[in-house]
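**Student:** Okay, here's the structure, questions in a sec.
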Amino acid sequence: TKDIYLKHWALGQLAYVTYYRAHATEDPDLRLSVAEEAMGYYDESQQCFSIMFFQGPQSGKLCAPTPGGYAEYYWDRARWEVSLENKLELLEESEKAGLEALKTVEALDFPLLINRMNHLLSGTLTERASLEQDINTKRGLLEKALEYRDKNIEIFEGIAPYHYWNVGFYQNLLGSIKVELAQLQQDHDKKRIFLEDAASTLETSLETMIKE
């Protein structure tokens, strides 16, 4: 079991570093190739996890049990895509993988990974909302994204309250969702209230980040 754990951890680290290398790659074809290499390491790592049913103390990109890493991978692929149809398809796959992974990490009662999946689900839904033309559908996506972001911040503040930059970053994402929801309000008074709330959240995010 010890050897399997070490293999799981080492492959997870390879996936983590390789995936960051993909993000730093400008050439689109090479970036995709490096990302796929990272996912290969991720899959091997998760095969070890399935034997142990124990997740090592990893964090960051591709850290969640399968298919959690694919929630992130599909989200990034969607942002790298040019075709709107492909973007939407990948974002739907991201949400599907994220929901499945969230159930897994909630069963494990692993707050760090529950936090991660709420972050990814909020992100992919916000991305989908930015591409949606129907106002009601866009609002629904943003409201779900808001719920996941609130949960993300609640959990992270509970486990790492002094990681001010991260908390502030998540608060900034929350404020951005509120801005988008404000823009959908038809009533001017409601829009003003939404924008004031968004501005307050964004101000809080800046105040939190400079504590770092």
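The values are calculated or read from the model by the stated rules, or taken from the named source; none is laboratory data. All of these numbers come straight from a predicted model, not from anything done at the bench. Ideal geometry is used to build each Cβ from the backbone, glycine not excepted, and the neighbour counts take in all protein chains shown. When the accessible area is computed, the model is the full protein with side chains, heavy atoms only, and any ligands, DNA or RNA have been set aside. Shrake-Rupley method; radii C 1.70, N 1.55, O 1.52, S 1.80 Å.
**Student:** Using a 1.4 Å probe on the protein heavy atoms, what percent of the accessible area of segment 81-161 belongs to carbon and sulfur? Write out the running numbers ahead of the final one.
**Tutor:** Values: 1960 of 4040 Å².
In segment 81-161, the share of accessible area belonging to carbon and sulfur is 49 percent.
**Student:** For W75, W80, W9, give me the order by solvent-accessible area with a 1.4 Å probe, most accessible first, ignoring ligands, DNA and RNA. Spell out each step's value before the answer.
**Tutor:** On the way: W75 25, W80 65, W9 110 Å².
Descending accessible area places them as W9, W80, W75.
**Student:** Find the all-direction average of the projected area of the Cα convex hull for segment 104-161, expressing the result in square nanometres with one decimal place.
**Tutor:** Details: hull surface 16.0 nm².
Result: a mean projected hull area of 4.0 nm².
**Student:** Let me ask you something else. Would you rank H23, H188, H119 by solvent-accessible area, highest first, keeping every protein chain in place and using a 1.4 Å probe?
**Tutor:** On the way: H23 75, H188 150, H119 15 Å².
Of H23, H188, H119, the descending order of accessible area is H188, H23, H119.
**Student:** Using a 1.4 Å probe, how large is the accessible area of V167, given in Å² and rounded to the nearest 10?
**Tutor:** Around 10 Å² of this residue is reachable by solvent.
**Student:** What number, rounded to the nearest 500 deg cm²/dmol, is the helix-based mean residue ellipticity at 222 nm of the chain, given -39500 (n - 2.57) per DSSP H run of at least four residues and division by all its residues? Walk me through the numbers on the way to the answer.
**Tutor:** Working: 8 runs with 173 residues, N = 212.
My calculation for the chain gives -28500 deg cm²/dmol from helical runs alone.
**Student:** Treat every Asp and Glu Cβ in the chain as -1 and every Lys and Arg Cβ as +1, leave all other atoms uncharged, and give the resulting dipole magnitude about the Cα centre to the nearest 20 debye. Walk me through the numbers before you get to the answer.
**Tutor:** Numbers: 22 positive and 35 negative charges, 67 e Å.
Charge dipole of the chain: 320 debye, to the nearest 20.
**Student:** Could you pull the Cα extents of the chain along its three principal axes, largest to smallest, in whole Å?
**Tutor:** 62, 40, 32
**Student:** Under 19 Å Cα to Cα from K190, which aspartates and glutamates show up? Leave out anything in the same chain fewer than 8 places away.
**Tutor:** Those aspartates and glutamates meeting the cut-off are E143, E180.
**Student:** Next question, about the same structure. Please name which of F169, I153, G123 has its Cα lying farthest along the dipole of segment 94-207 towards the positive end, using unit charges on Cβ (Lys, Arg +1; Asp, Glu -1) and the Cα centre as origin.
**Tutor:** Toward the positive end, the furthest listed residue is G123.
**Student:** Can I ask one more? Assuming 0.36 nm per residue, please report the length gained on full extension of the stretch I4 to E26 beyond their Cα-Cα distance. Could you put the intermediate results ahead of the total?
**Tutor:** Numbers: separation 22, 0.36 × 22 = 7.92 nm, distance 3.50 nm.
Once the chain is fully extended between I4 and E26, it gains 4.4 nm.
**Student:** So, one more: Taking 8 Å as the Cα distance limit and 6 or more residues as the minimum spacing, I'd like the relative contact order of the chain as a percentage.
**Tutor:** Values: 284 pairs, mean separation 28.1, N = 212.
Computed over the chain, the figure is 13 percent.
**Student:** List the pairs from K103/K211; K61/K144; K7/K87 whose alpha-carbon separation is above 32 Å, in the order I gave them. Don't skip to the answer; put the middle values down first.
**Tutor:** Values: K103/K211 34 Å; K61/K144 22 Å; K7/K87 34 Å.
Violating the 32 Å limit, Cα to Cα: K103/K211; K7/K87.
**Student:** If you count only protein heavy atoms with a 1.4 Å probe, what accessible area per residue comes out for the chain, rounded to a whole Å²?
**Tutor:** Details: 11460 Å² over 212 residues.
Averaged over the residues of the chain, the accessible area is 54 Å².
**Student:** Rounded to two decimals, what is Rg over Rh for segment 60-177 when you use alpha-carbon atoms and the Kirkwood radius? Walk me through the numbers on the way to the answer.
**Tutor:** Values: Rg = 13.8 Å, Rh = 14.2 Å.
Taking Rg over the Kirkwood Rh, I get 0.97.
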